[in-house]
Amino acid sequence: MDRGMGRATVRERYEKLGLAEALSRAHDYPSACHELGLILRLAYVDLPKNLQSVVFQDTLSAFRLLPEVQTGHGLSSANVLLQAAEVALPKQKKALAVSEFKHAAVAHKRRSRAHHDGGSVSLPYDVLVHIFSFLDLRSLASVGLVCWSWNSAAIDNGLWQMLYSNLFDNHSTCSSKEDHKLVPDGKDVVFHGGMGVDPIININWKEAVRRKCEGVSSWKLLPNRVVCGHCQSIIWSSGITCRTSHECSKIGNQKLNIRPISPYKVVEYLLGEIELAEMSSDTDDSDSDGPSPSTQHLPRLWAYPKLSSTS
């Protein structure tokens, strides 16, 4: 019997999560695998038969897509999904999943060797900044660890200002007293202007984002999912970049209300145990659910020293 809450059935809730689409995007593949694995472990037995079939097919699709995902966490994330499949799936389906994974792992290894044949290319600073402007929070925090030139571009203040605006405050400016609270000490703030002139505050926006994330428990792990408090939609955080904000149809002139949600909350939502309105109103206790294996290392990104003297 199908199980739903309100007007949304469990099938509709699952489709709203967009896992199948996320698996086809290399940057979302690891997160989608972890989320799908959690659904297998915690919700599979409670799902309707027709939805169990969909989840199983998505699991097989994840393994088939593995060779296309040449990222550091691709294979390890697929392994996490395989372990969940071995626990949750019945014997015949488990055998199919294991077989699919083995074939995909071999193909992934072959393709990975082919990709290592090329050398690195040095790109100009402005080109790197343009490329990095298409990155989300997690990715922008990571690319600066690659090399000196990438770090120099990745700490570009304009990138982090756009990202801050798209994540936390669509009305953010450089002249509010509230912004002054987001940066440490006075050394990161420079006031311009004289008597009768509104001051312009030069903010270290990467530091502002870092302090914003560390100041709210649910942002500390740079979450994979967020929920919009206005339109009540679940969003992949990778879709919010320096250039791209969440297109909310109900925000009007209001400030952003985007809050992180943990994979465990996603499972609760799927099973109808929690509504999106509850998640968007207060999710600061999400770390009590425990971080997923793919996010445990992320706070360390902020701890790395700058590779460049440029600030």
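Since every read-out is calculated from the coordinates, none of them should be taken as a lab result. Worth saying up front: this structure is predicted, and the values here are computed from it rather than measured. Ideal geometry is used to build each Cβ from the backbone, glycine not excepted, and the neighbour counts take in all protein chains shown.
Beyond 24 Å in Cα-Cα separation lie the following of the pairs Lys16/Lys250; Lys49/Lys102; Lys49/Lys93; Lys206/Lys250; Lys94/Lys265: Lys49/Lys102; Lys206/Lys250; Lys94/Lys265. A full extension of the chain between Leu145 and Val87 corresponds to an added length of 17.3 nm, given 0.36 nm per residue minus the alpha carbon distance.
With R₀ set to 30 Å, the beta-carbon distance separating Ala107 from Ser53 gives a calculated FRET efficiency near 0.75. Extension gain for the segment Leu96 to Val127, taken as residue separation times 0.36 nm less the Cα-Cα distance, is 6.6 nm to one decimal. Put a dot 7 Å past the Cα of Asn257, heading toward its Cβ, do the same for Glu68, and the two dots end up 3.7 nm apart.
Applying 0.36 nm per residue to the separation of Phe134 and Lys212 and subtracting their alpha-carbon distance, the gain on full extension is 26.0 nm.
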